[in-house]
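Beneath this line is the structure, given in structure tokens, with notes to follow.
The values are calculated or read from the model by the stated rules, or taken from the named source; none is laboratory data. Since we're looking at a predicted model, the values are computed, not measured. Virtual Cβ from ideal backbone geometry, glycine too; neighbours counted across all protein chains shown. To get the accessible areas, we keep the full protein, side chains included, count just its heavy atoms, and leave off ligands, DNA and RNA. Shrake-Rupley method; radii C 1.70, N 1.55, O 1.52, S 1.80 Å.
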Amino acid sequence: MQFHERVLLENQAWVESMLSRDPDHFERLQSGQSPEAFWIGCSDSRVPAEQLCNASPGDLFVHRNVANLVATEDPTFLSALEYAISVLGVRYIIVCGHEGCGGVGAACSGESTGLAYVDAHLKPVVAHYERVKNELSKAPDEANRVNDMVRRHVAAQADHLADLDLVRNAEQPPLVVGLVYSLDRGALEPICERTQAAVA
Ligand SMILES: [Zn+2]
């Protein structure tokens, strides 16, 4: 069986399972969405936003890209952010990084990935790494160094986000929260919170 054929079968099983637990589930969601949070995460297949916070359809508005960047040059990111704030009125924005992030690791390597679009996307992470690499070098091995950078990167993205006009000028500015997901334990670790008062 091919992957897409399995997807259709798994979808049927999922629909049945959802309806057995909550017969009105799909009918209720048809009327619209009002998620509490906008989630900015990494595209990594091991870090699925909804599953790792035990969320249901309708709970999270999601944007994912390589290395969970607040990618202000990217219209797909900005349009999702704009919609989340201006239309959905989310109360929280979560930036979630993860240990062992390949994108952050590549930025720390000092070498090109050989992929033009990936290199272009990771430029801000490379620039951040260059600024802090002397502090990171105290970490005992490469994996720890990358994970240290993952945490600094999440905090930097939260700072960047909280300082954007779209966020600052929101009618009710959302609370920006930085988290890091541990691949080996499945646990989320709080990294930072940014409010407008703290940014101003
Ligand atoms: Zn990643």
Computed over the range 12-106, the ratio Rg/Rh where both radii use C-alpha atoms and Rh is Kirkwood: 1.02
Estimate the FRET efficiency between MET1 and GLN51 by the formula 1/(1 + (r/R0)^6), using the beta-carbon distance for r and 35 Å for R0, to the nearest 0.05. 0.90
To the nearest 20 debye, what charge dipole does the range 33-199 have about its Cα centre, counting +1 at the Cβ of each Lys and Arg and -1 at the Cβ of each Asp and Glu? 200 debye
Spin-label pair LEU166/GLU130, simplified geometry with 7 Å Cα→Cβ offset, distance in nm: 2.6 nm
Net charge of Cβ neighbours under 14 Å - reference THR113; Lys, Arg +1; Asp, Glu -1: -1
How far is helix 116-136 tilted, in degrees, relative to the longest principal axis of the Cα atoms in the chain, given as a value from 0 to 90 rounded to the nearest 10? 50 degrees
Modelling each spin label as a point 7 Å along the Cα-to-Cβ direction, I'd like the LEU9/LEU115 distance in nm, to one decimal. 3.0 nm
Charge tally in the Cβ shell below 15 Å around ASN144, where Lys, Arg are +1 and Asp, Glu are -1, ASN144 excluded: -2
Average silhouette area of the chain, convex hull of alpha-carbon atoms, in square nanometres: 13.9 nm²
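Grab the beta carbon distance between GLU16 and ASP184, set R0 = 22 Å, and tell me the FRET efficiency rounded to 0.05. Walk me through the intermediate numbers first.
On the way: r = 33 Å, r/R0 = 1.51.
With R0 = 22 Å, the Cβ-Cβ based efficiency is 0.10.
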Would you look at the GNM of the chain, springs on alpha carbons closer than 10 Å, and say which of VAL95, VAL15, VAL176 moves the most? VAL15
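Could you give the length gained by full extension between THR76 and ARG91, i.e. 0.36 nm per residue of separation minus their alpha carbon distance, to one decimal place?
3.3 nm
Over the chain, with the other protein chains present, what is the accessible area per residue in square angstrom, probe 1.4 angstrom?
Numbers: 11540 Å² over 200 residues.
That works out to 58 Å² for each residue.
State the percentage of accessible surface on the chain attributable to carbon and sulfur atoms; use a 1.4 Å probe and exclude ligands, DNA and RNA. Could you put the intermediate results ahead of the total?
Details: 5850 of 11540 Å².
On the chain, the fraction of accessible area on carbon and sulfur atoms equals 51 percent.
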The chain - percent relative contact order, Cα under 8 Å, separation 6 or more: 20 percent
